[in-house]
Amino acid sequence: MSHHREIIATDDAPKAIGPYSQAVSAGNMVFVSGQLGLDPRTGGFVEGGVREQTARALVNMTAILTAAGCAVSDVVACTVYLKDMNDFSQMNEVYATVFAEAPPSRAAIEVARLPKDGLVEISCIAVKP
């Protein structure tokens, strides 16, 4: 059995800030690394709070999915890491605009700290069509 593994990278999402890939495709599965609300052009966070960072993280995630030959509708699981669970409803409102139809499974976890002191980070797993 072949265990083909492909590194996915795009300039439409922030470059990895450590020894990891934006995503890895293995067989028909795509594993997207956690995305922050970073602007890929500036490397800094988008202006605003958790809503804006959530929206940008989802844009970054979508760009990586596109580079892997997938769409948001191919996502089967997401993990959302929040700096403050009090931001859950604001994150959820933005998240629901991207995953309006047949949303994937999801976990939402409050963490002590995120890279670069972000407010939200989102990772996902997709199945190639």
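The values are calculated or read from the model by the stated rules, or taken from the named source; none is laboratory data. Keep in mind it's a predicted model, so treat the numbers as computed, not measured. Positions of Cβ are generated from backbone atoms using ideal geometry, with glycine treated the same way; all protein chains shown enter the neighbour counts.
Annotation note: Cβ proximity below 6 Å between a residue of region 57-77 that is within 14 Å of LEU36 (Cβ to Cβ) and free of Cβ contacts under 8 Å to residues at least 60 places away in the same chain and a residue that is crowded, with 19+ Cβ neighbours inside 10 Å and among the small types (Gly, Ala, Ser) (sequence gap 6+ or interchain) occurs for ASN60/ALA13; ALA63/ALA13; ILE64/ALA13; ILE64/ALA23.
Does MET85 qualify as being modelled with pLDDT of 95 or more, surrounded by fewer than 22 Cβ atoms within 10 Å (Cβ to Cβ) and farther than 27 Å from ILE7 by Cα? Criteria met by MET85. Within region 110-129, the residues that satisfy the criterion of being farther than 9 Å from LYS83 by Cβ and over 14 Å from the mean Cα position of the chain (by Cα) are LYS116, VAL127, LYS128, PRO129. At least 1 residues being among the aromatic types (Phe, Trp, Tyr), farther than 22 Å from ALA9 by Cα and touching a Cys at 6+ places or on another chain (Cβ under 6 Å) is the threshold, and among the strands (runs of 3 or more DSSP E) wholly inside region 40-129 not one reaches it.
Okay, residues lined up against (1) over 18 Å from ARG106 (Cα atoms); (2) touching a Lys or Arg at 6+ places or on another chain (Cβ under 9 Å):
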| residue | (1), (2) |
| --- | --- |
| VAL30 | no, yes |
| GLN35 | no, yes |
| GLY43 | yes, yes |
| GLU47 | yes, no |
| ALA55 | no, no |
| ALA77 | no, yes |
| SER89 | no, no |
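Tell me, which residue of region 25-55 that is within 13 Å of the chain's Cα centre (by Cα) and more than 15 Å from PRO115 (Cα to Cα) is surrounded by the fewest Cβ atoms within 10 Å (Cβ to Cβ)? Among those residues, the one meeting the criterion is PHE31.
The selection criterion, being over 22 Å from ILE109 (Cβ atoms), of a type in the set (Gly, Ala, Ser) and at pLDDT below 95, does not hold for SER25.
In the set (1) in contact with a strand residue (DSSP E or B) (Cβ under 9 Å, 6 or more places away or on another chain); (2) loosely packed, with under 13 Cβ neighbours inside 10 Å, ALA102 fails one condition alone, (1).
The numbered conditions (1) within 14 Å of the chain's Cα centre (by Cα); (2) farther than 18 Å from ASP117 by Cα; (3) among the hydrophobic types (A, V, I, L, M, F, W, C); (4) assigned to a loop (DSSP other than H, G, I, E, B) are all true for ALA16 except (2).
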